[in-house]
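The structure appears below as structure tokens.
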Amino acid sequence: MLNIVLFGPPGSGKGTQSQLLINQYHLIHLSTGDILRDEIVQGTELGQKAKSIMDRGDLIPDEVVISMIRSILEKTPNATGFIFDGFPRTTAQAESLDQMLDELNTSISTVLSLEVAENELTNRLLERGKSSGRADDANESIIRNRIQEYKNKTAPLKDFYTQQNKLQSIEGVGSIDAINAILCQVIDQL
Ligand code: AMP
């Protein structure tokens, strides 16, 4: 199996690049943000609980997102691989992911980390907010909170995956196609 973690701060291009990679490598896209937004649209109990947390730009509790991922992994035993987009975001999530994949006799193949400077992230998200309809893209203080959550809770995972020899840092500024080409090069060398 090819299991890719697409890693990076909000606005680094994880979603855009995931869309290209799922078609190129026939992978299943697992975006916890997309799944949560879908729960909100469906008006489920989980969606109702998640909405205010997401609208503030805070992280959803680990056990909630871990169980979402677990149930999808269990439902798709014949997958050729997954792209994890926006998951894991904390050390507890990363440890659980390793364990869940181990139970399926597989593991993370690589962690591709998209590197983008903070002022560029803020500009991109504010721009996206003009059309995305996402409350968490709509105002600068929420965007700053999301970036702060990333710095505090998610960025430490770079050390976690460096220790596992899995982290590959990629410049996330440039054309979508040029960044995609670099990601493909790294994946093809695995
Ligand atoms: P995203 O679409 O990845 O930018 O995620 C949007 C929001 O969903 C985040 O700001 C969090 O509130 C929530 N979220 C998505 N993925 C996770 C995760 N792995 N852990 C905790 N919260 C998450």
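The values are calculated or read from the model by the stated rules, or taken from the named source; none is laboratory data. Values in this document were obtained by computation on a predicted structure and should not be read as measured data. Please note: Cβ atoms are built from the backbone with ideal geometry, for glycine as well, and neighbour counts cover all protein chains shown. Please note that ligands, DNA and RNA were not included when accessible areas were found on the heavy atoms of the full protein model with its side chains. Shrake-Rupley method; radii C 1.70, N 1.55, O 1.52, S 1.80 Å.
Quick rundown of the values:
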| read-out | value |
| --- | --- |
| Exposure ranking of Leu59, Leu114 by accessible area [1.4 Å probe, largest first] | Leu59, Leu114 |
| Translational diffusion coefficient (Stokes-Einstein; Kirkwood radius from C-alpha pairs) of segment 22-108 at 37 °C, 0.692 mPa s, in µm²/s | 240 µm²/s |
| Area of Ile60 that stays accessible when all protein chains are in place (1.4 Å probe, Å², to 10) | 20 Å² |
| Distance from segment 30-62 to segment 150-176 (C-alpha centre basis), Å | 24 Å |
| The chain - mean residue ellipticity at 222 nm from DSSP helices (-39,500 (n - 2.57) per run, n ≥ 4, rounded to 500) | -17500 deg cm²/dmol |
| Surface accessible to a 1.4 Å probe, Thr90 within the full protein complex, Å² | 20 Å² |
| Cα→Cβ-extended label distance, 7 Å offset, between Ile176 and Met1, nm | 2.8 nm |
| Å² of accessible area per residue within segment 2-84, as computed with a 1.4 Å probe and no ligands counted | 46 Å² |
| In Å², nearest 10: area of Glu171 left accessible to a 1.4 Å probe | 110 Å² |
| Set of aspartates and glutamates with alpha-carbon distance to Lys153 below 19 Å, sequence-local pairs under 8 removed | Asp55, Asp58, Asp62, Glu63, Asp85, Glu95, Asp98, Glu115, Glu118, Asp136 |
| Kirkwood Rh, Cα atoms: Rg over Rh of segment 81-190 | 0.99 |
| Solvent-accessible ranking of Tyr161, Tyr25, largest area first, probe 1.4 Å | Tyr25, Tyr161 |
| Net length gained if the chain between Glu120 and Asp102 were fully extended (0.36 nm per residue, minus Cα distance) | 2.8 nm |
| Pairs from Lys49/Lys130; Lys14/Lys49; Lys14/Lys75; Lys14/Lys166 whose Cα-Cα separation, in the structure shown, is over 20 Å | Lys49/Lys130; Lys14/Lys49; Lys14/Lys75 |
| Net lengthening on full extension, Gln189/Val64 (0.36 nm per residue, minus Cα-Cα) | 41.6 nm |
| Protein accessible area in segment 1-149, 1.4 Å probe - carbon and sulfur % | 48 percent |
